[in-house]
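A.B. asks: Can you read through this structure? Questions will come right after.
We did not get these values from a lab; they are worked out from the coordinates using the rules stated. This structure is a prediction, so every number in the text was calculated from the model and none was measured. Heads up, the Cβs are rebuilt from the backbone with ideal geometry, glycines too, and the neighbour counts pull from every protein chain shown.
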Amino acid sequence: MTNTPGRSEVLALVTAALAEVLEQNGTPSSEPLGEETYLIGRRAVIDSLGMVTLIVDLEQRIDEEHGVALTLADERAMSQKNSPFRTVGTLADYVVGLIVEEQGNG
Amino acid sequence: MAEARVILISGTRKGIGRFLAEQFLAAGDIVEGCSRDAADWSHPAYTHHLVDVADEAQVKKMLTSIQRRHGRLDIAINNAGVASMNHTLLTPATTVDRIMDTNVRGTFLVARESARLMQRRRFGRIINMSTIAVPMRLEGEALYAASKSAVETLTRILARELAPFGITVNAVGPTPIETDLIRGVPADKIQQIIDELAIKRLGRYEDVANVIDFFIRPESNYITGQVIYLGGAG
């Protein structure tokens, strides 16, 4: 069964997934996680392996909680001029866009 | 009593896959198996999935089902495989697709989806199937051996990529065993292969199970990216 999550729900999912990755890594963030939290680059709170875990975890949460099977890290995502994985906020936007697209196709 | 292990084995309808499934079931494990056709055997702790391992959607669906019913996967054995013996000059391109789809794409998809489930608990064991045809460079098995060379490379690189998640990836390379895969291979060809081995006999299912038992032991958590050949081949 599918149910379409709004942006605020997706943002909460991304934040929760990120918190879990940081917890698993034994590096919980000292600052609150939010829209502006960096996922890649110098100020990123996770490393590349953490990013892999985050993407897998996020895909699984979206599937389990909303019945939507997404592939977040495909060639299209990787080739965008502005990476959708820059921050928690940009990732949430990207996920919302993919869900809308997926449901449009379904 | 220790928690029952959840074990996925591809290609369980017959042969070595079925043998392994029955061994694990006898030991009290939970076994999830698959093949393209229905299995003609059953067990209370066994679930059979109708899956073509080269079909991404079907593999994903199977792993989702395992996740929903068990919440975890401890061991995945990539046993499903197809062989073809033919001279290169006589091999059609459709054979290339069939062998690469099941042996390479299928192994990759089952390993990837299994690892996605295993990584949640930071534990997993993935076992792939190679063959002595790789180190022995057997004539007539160019495509089959090439597909298994790919499986060996996948094994070695996945071992590195998945190590941070507590998942080991190893492979076993059997000698010829009395299975469907070698039915149709001339007896003198089999004898020729046996003559080249250090230990000159056909393999047994038990020989394969023994190597797998070693790879999946909790104590083998420092063993990854390895290929063990039976019979002293290689």
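A.B. asks: Evaluate Rg over Rh across the protein assembly as shown, taking Cα atoms for both radii and Kirkwood's formula for Rh. Could you put the intermediate results ahead of the total?
C.D. replies: Numbers: Rg = 22.1 Å, Rh = 21.7 Å.
Rg divided by Rh gives 1.02.
A.B. asks: Give me the net charge for the shell around B:ILE193: Cβ to Cβ below 12 angstrom, other residues only, Lys and Arg +1, Asp and Glu -1. Spell out each step's value before the answer.
C.D. replies: On the way: positive: B:ARG137, B:LYS189, B:LYS200, B:ARG201; negative: B:GLU139, B:GLU141, B:ASP188, B:ASP195, B:GLU196.
So the environment of B:ILE193 carries a net charge of -1.
A.B. asks: Just the ratio, please: alpha-carbon radius of gyration of region B:1-79 over 2.2 N^0.38 Å, N its number of residues.
C.D. replies: 1.00
A.B. asks: Could I ask something else about it? Considering only chain B, what is the antiparallel percent among its DSSP beta bridges, to the nearest 5? Show your work: numbers first, answer last.
C.D. replies: Values: 0 of 27 bridges.
Percent antiparallel among DSSP bridges in chain B is about 0.
A.B. asks: Also: Under a Cβ-only charge scheme (Lys and Arg +1, Asp and Glu -1), can you give me the dipole magnitude of chain B about the Cα centre, in debye to the nearest 20? Intermediate results must be reported in sequence, preceding the final value.
C.D. replies: On the way: 28 positive and 26 negative charges, 153 e Å.
It comes to approximately 740 debye.
A.B. asks: Compute the signed sum of charges (Lys and Arg +1, Asp and Glu -1) over the other residues within less than 14 Å, Cβ to Cβ, of B:ALA233. Each step should come with its number before you reach the end.
C.D. replies: On the way: positive: B:ARG137, B:LYS148, B:LYS200, B:ARG201; negative: B:GLU141, B:GLU152, B:ASP195, B:GLU196, B:ASP207.
Value of the local net charge: -1.
A.B. asks: Using helices alone, I'd like the mean residue ellipticity at 222 nm for the protein assembly as shown: each DSSP H run of four-plus residues gives -39500 (n - 2.57), total over residue count, nearest 500. All intermediate terms of the calculation are to be shown ahead of the outcome.
C.D. replies: Numbers: 12 runs with 153 residues, N = 340.
My calculation for the protein assembly as shown gives -14000 deg cm²/dmol from helical runs alone.
A.B. asks: Then there is this: Taking the inverse of the average 1/r across all pairs of different Cα atoms in region B:129-195, what Kirkwood radius in Å do you get?
C.D. replies: Values: mean 1/r = 0.0755 Å⁻¹.
Taking the inverse mean of 1/r over all distinct Cα pairs, region B:129-195 comes out at 13.2 Å.
A.B. asks: Taking amide H positions as placed in the peptide plane 1.01 Å from N, state which residues far from B:ALA233 in sequence (5 or more) or on other chains have amide H under 5 Å from it.
C.D. replies: Close amide H contacts, sequence-distant or interchain: B:ALA198.
A.B. asks: Something else now. I need the Kirkwood Rh of region A:2-62: take the reciprocal of the average 1/r across all distinct C-alpha pairs and report it in angstrom.
C.D. replies: Numbers: mean 1/r = 0.0832 Å⁻¹.
With all distinct Cα pairs of region A:2-62 included, I get 12.0 Å.
A.B. asks: Extent of region B:122-234 along each principal axis, from alpha carbon coordinates, in Å, largest to smallest?
C.D. replies: Computed over the Cα atoms, the extents are 47, 26, 23 Å.
A.B. asks: Another question, then. For q values of 0.18 Å⁻¹, compute log₁₀ I(q)/I(0) with the Debye formula on a Cα-only model of chain B, without solvent.
C.D. replies: For chain B, the Cα-only Debye profile gives -1.43.
A.B. asks: In addition: Which GluC sites (Glu not before Pro) from region B:69-152 combine a DSSP loop assignment with at most 10 other Cβ atoms within 10 Å? List each step's numbers first, then the result.
C.D. replies: On the way: sites: B:GLU113, B:GLU139, B:GLU141, B:GLU152; in loops: B:GLU139, B:GLU141.
Sparse-neighbourhood loop GluC sites (Glu not before Pro): none present.
A.B. asks: Which one, B:PRO186, B:VAL211, B:LEU197, is farthest towards the positive end of the dipole of region B:109-234 when Lys and Arg carry +1 and Asp and Glu -1 on their Cβ?
C.D. replies: B:VAL211
A.B. asks: Right, another one. Using the structure shown, list the pairs from A:LYS81/B:LYS61; B:LYS148/B:LYS189; B:LYS14/B:LYS61 with a Cα-Cα distance above 24 Å, or answer none.
C.D. replies: Beyond 24 Å between Cα atoms: A:LYS81/B:LYS61.
A.B. asks: Translational D (Stokes-Einstein, µm²/s) of region B:113-162 at 4 °C and 1.567 mPa s when Rh comes from the Kirkwood sum over C-alpha pairs?
C.D. replies: Values: Rh = 12.2 Å.
Calculated translational D: 106 µm²/s.
A.B. asks: May I have the pair-distance distribution P(r) for region B:70-152, computed from all Cα-Cα distances with 10 Å bins from 0 and rounded to whole percent?
C.D. replies: Once binned at 10 Å, the Cα pair distances of region B:70-152 give 18, 42, 24, 12, 3.
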